[in-house]
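Take a look at the structure below.
What follows is calculated from the coordinates using simple rules that are stated; it is not laboratory data. These numbers come from a predicted model, not from an experiment. Using ideal geometry, Cβ is built from the backbone for each residue, glycine included, and neighbour counts are taken over all protein chains shown.
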Amino acid sequence: MKKDFIVNAGIRITRKCNMKCMYCNIQNTEREDLSLEEWQEALNIIKDMGVKDVVILGGEPLIYPKIVELVDYATNTLNLNCSLTTNGFSNFDKAQKLLDVGLTSLGVSVDNLNVKESISPLKAKNGLRLIDYLIENCKAPRITNYTVLNKNNVINILELIEYMNDRGVYTYIIPFHWGNEGSFDHRKNNERFAFINESDIDIYNKTVDKIIALAQKGYKIKNSIAFLEESKKHIKNLDWKCNGLSELRIDSDGRMVCCCDKIGKVNDKFTIFDLKTKKDAFLEAREKDAHACSGCLWPSSFEAQLQKEKMVKKQ
Ligand SMILES: C[S@@+](CC[C@H](N)C(=O)[O-])C[C@H]1O[C@@H](n2cnc3c(N)ncnc32)[C@H](O)[C@@H]1O
């Protein structure tokens, strides 16, 4: 396996969103989204690079008008595994269509069964309704609940995992992280949700240990145990830096970005379309950008790197 092998590509299909979650790291911009044909071309390039897994990011992916056509193209024409996450705001029938055309996994964001206590009450309420709808209406609902683990839900997260597990739904934990890279001022006031002092960290660690015990018992938990364990070391200072390059991240206008959180200083000189001819120059620039980052707590790059190491070992 080549050193520059990429495990997955995340495409930010749009930055537009029908909700305004105060903790969200994505800024809605006036930038024009790529058209269906442009995203299809981008997916051809991604596939030619040997990538098999595509993650559709947002904004809110379900408000992209041609989302079903794009997922259909990715799964049925290009044979890519394709997943996305929604806030369940509306468009239940669209979510169902995505599963019908072969979406590998539909993410729904719910962090609390007690919706009033949720970090985003409307999102939790809609998400729970969407999950019920999909279980009732889809032949094979492949659902993952994206749960932001924060100071408010740390006391009842096990209940939520249990609830989802009973319904055949996976839970994927994203530890809450607030503005670390400096430029997202609206995240300054997130002390209500962030794990900051020693007692916060203590309860985080103890809860994560209980989540690991559930995972070991076979509960439907998507994170690796390695991620959950390692997160304990970084929850306070959010200083977890990626090790290696295993993911591509593409913004809504086709520009390359470093990862989910940070628009790099070098990457945005490239668009996905440049990668046809300038892949090596991009990979070199991307490496420099990764070093400039101060860290975060998104699970995906760690999980992708783990997957890559396993694939290399198997060879
Ligand atoms: C950026 S949203 C995009 C998809 C969709 N609009 C949604 O709300 O589910 C993707 C996931 O990231 C989570 N997320 C956003 N900001 C976060 C933060 N500061 N810490 C942890 N998770 C966060 C959201 O709750 C959601 O599950």
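Structural remarks
- Fewest-first ranking of CYS138, CYS242, using other Cβ atoms within 10 Å as the exposure measure: CYS138, CYS242
- Potential lengthening of the chain between ASP48 and ASN243 amounts to 67.8 nm, from the contour at 0.36 nm per residue minus the alpha-carbon distance.
- Over the chain, DSSP H runs of length four or greater, each weighted -39,500 (n - 2.57), average out per residue to a 222 nm ellipticity of -12000 deg cm²/dmol.
- Over the chain: Kirkwood hydrodynamic radius from C-alpha pairwise inverse distances, Å: 20.0 Å
- DSSP bridge pairs, the stretch 8-314: antiparallel proportion in percent, nearest 5: 10 percent
- Using a Gaussian network model of the chain in which every pair of alpha carbons under 10 angstrom is joined by a spring, one finds that among LEU80, LEU106, LEU214 the greatest mean-square fluctuation is at LEU214.
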